[in-house]
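The block underneath contains the structure these notes are about, expressed in structure tokens.
The values are calculated or read from the model by the stated rules, or taken from the named source; none is laboratory data. Being a predicted model, the structure only gives us computed values, none of them experimental. Heads up, the Cβs are rebuilt from the backbone with ideal geometry, glycines too, and the neighbour counts pull from every protein chain shown. When the accessible area is computed, the model is the full protein with side chains, heavy atoms only, and any ligands, DNA or RNA have been set aside. Shrake-Rupley method; radii C 1.70, N 1.55, O 1.52, S 1.80 Å.
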Amino acid sequence: MLLHLALLTALIPDSAIVYDGRAKRIHVDVPRIDTVVTVDGNLDEPVWGRAARLIGFSQYQPVDGRPADEPTEVLVWYAADAIYFGIKAREIHGNVVRATNANRDNIDSEDQIQILLDTDNARQIAFLFGMNPYGVQQDGTRSAQFAGGAGGPSATGGGFRNINPLEGSVDLNPDYFFESKGRLVEGGYEVEVRIPFKSLRYQDARVQSWGIHVLRRIQHTGFQDTWAPAVRANANFLAQSGTLDGLHDMKRGLVLEATPTVTAHADRSPTINNGNYQRKADLGGDARWESGKTSR
């Protein structure tokens, strides 16, 4: 326990704005800082010292309500066009972090952090952004609704996974653009994340609040920790989220989606072109765009 406290104290500067999950301080006044950082996995830019700091994780599995064994700190701030997260995950058991340069969405067997953003603040569905210690990405949506039976995985599609019967379902089919980079450090790992607002859909309101859950999975123990305390007996995991408050004047910018298409066909007639095939190709496509901002 003394080692745990020493590690946690070392993570937090004296001037930090701290939101302790175990103390039920889960309503975060997230600071707006109009600057840009390079997402390289190094949390050494001065802006990270001004970020809100989320600490005090609790164990969720296998026994909910206990203090987390491994210290975790999440830093959060936002600019006009994106929200930024910095993760400092410490491991008190030595060099036991499991991480590889895995394929996207294929990090279930590795240590990882998941950030769930409920941009409607309705506690029904959230954007999921997951990262392993190297920043390999997993993304999709997480629903509060059940997708399968209480005893097994969902069968509603190849991208769906039922992480726990009490947690609803995860759909990994969507792919969102975001930046993440991580690295192993002495006693754990750190990950830097930038999620542009153009990758999200959110409320049309001048000032708004978003639900937030942060989960950490530790592979060598099988434990899962959450920042906002969560009870497994509660059927709605998202209902136990914290909030990011005071978000305002976010700009999505231009969102452009282009889908090119190519069609080809071959015609053959005994009386035309000496009976040889005539091949033709047609080019086309669909485009969809949105501009401006959805938060006035």
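Annotations for the structure displayed:
- Candidates are the residues of the range 123-142 that are closer than 13 Å to Ala99 by Cβ and assigned to a loop (DSSP other than H, G, I, E, B); the one that is most open to solvent (accessible area, probe 1.4 Å) is Tyr134.
- Scanning the range 71-87 for residues that are touching a Ser or Thr at 6+ places or on another chain (Cβ under 8 Å) and either of a type in the set (Asp, Glu) or without any contact (Cβ under 8 Å) to a residue 60 or more places away in the chain (or both) yields one hit, Ala79.
- Filtered by the rule that a residue be touching a helix residue (DSSP H, G or I) at 6+ places or on another chain (Cβ under 7 Å), part of a loop (DSSP other than H, G, I, E, B) and more than 24 Å from Gly94 (Cα to Cα), the range 28-83 gives Pro31, Ile33, Thr35, Val37, Asp81.
- On inspection, Arg216 passes the criterion of being within 12 Å of the chain's Cα centre (by Cα) and basic (Lys, Arg).
- For the range 244-256, taking the residues that are assigned to a strand (DSSP E or B), in contact with an Asp or Glu (Cβ under 9 Å, 6 or more places away or on another chain) and open to solvent by 10 Å² or more (accessible area, probe 1.4 Å), the one that is farthest from Pro31 (Cα to Cα) is identified as Leu256.
- Any chance Leu75 is at pLDDT 95 or above and either surrounded by fewer than 16 Cβ atoms within 10 Å (Cβ to Cβ) or over 14 Å from Lys181 (Cα atoms) (or both): yes
To keep it simple, each residue is scored yes or no on (1) over 21 Å from Ile26 (Cβ atoms); (2) modelled with pLDDT of 85 or more; (3) open to solvent by less than 30 Å² (accessible area, probe 1.4 Å).
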| site | (1), (2), (3) |
| --- | --- |
| Asn162 | yes, no, yes |
| Ser180 | yes, yes, yes |
| Leu184 | yes, yes, no |
| Arg194 | yes, yes, no |
| Arg216 | no, yes, yes |
| Ala228 | no, yes, yes |
| Asn236 | no, yes, no |
| Ser241 | no, yes, yes |
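- Check on Ile26, farther than 19 Å from Val193 by Cβ, modelled with pLDDT of 95 or more and buried (at least 18 other Cβ atoms within 10 Å of the Cβ): yes
- Across the range 199-209, the qualifying residues are those that are crowded, with 16+ Cβ neighbours inside 10 Å and within 19 Å of Gly246 (Cα to Cα), and the one among them that is modelled with the lowest pLDDT is Gln203.
- Here the condition is being over 19 Å from His213 (Cβ atoms), in contact (Cβ under 8 Å) with a residue 60 or more places away in the chain and touching a Pro at 6+ places or on another chain (Cβ under 9 Å); of Arg90, Arg50, it holds for Arg90 alone.
- The criterion of being modelled with pLDDT of 90 or more and over 12 Å from Gly65 (Cα atoms) holds for Asp249.
- Applying the condition of being touching a residue at least 60 places away in the same chain (Cβ under 8 Å) and surrounded by fewer than 19 Cβ atoms within 10 Å (Cβ to Cβ) to the range 96-116 and asking which residue is nearest to Asp69 (Cα to Cα) yields Val96.
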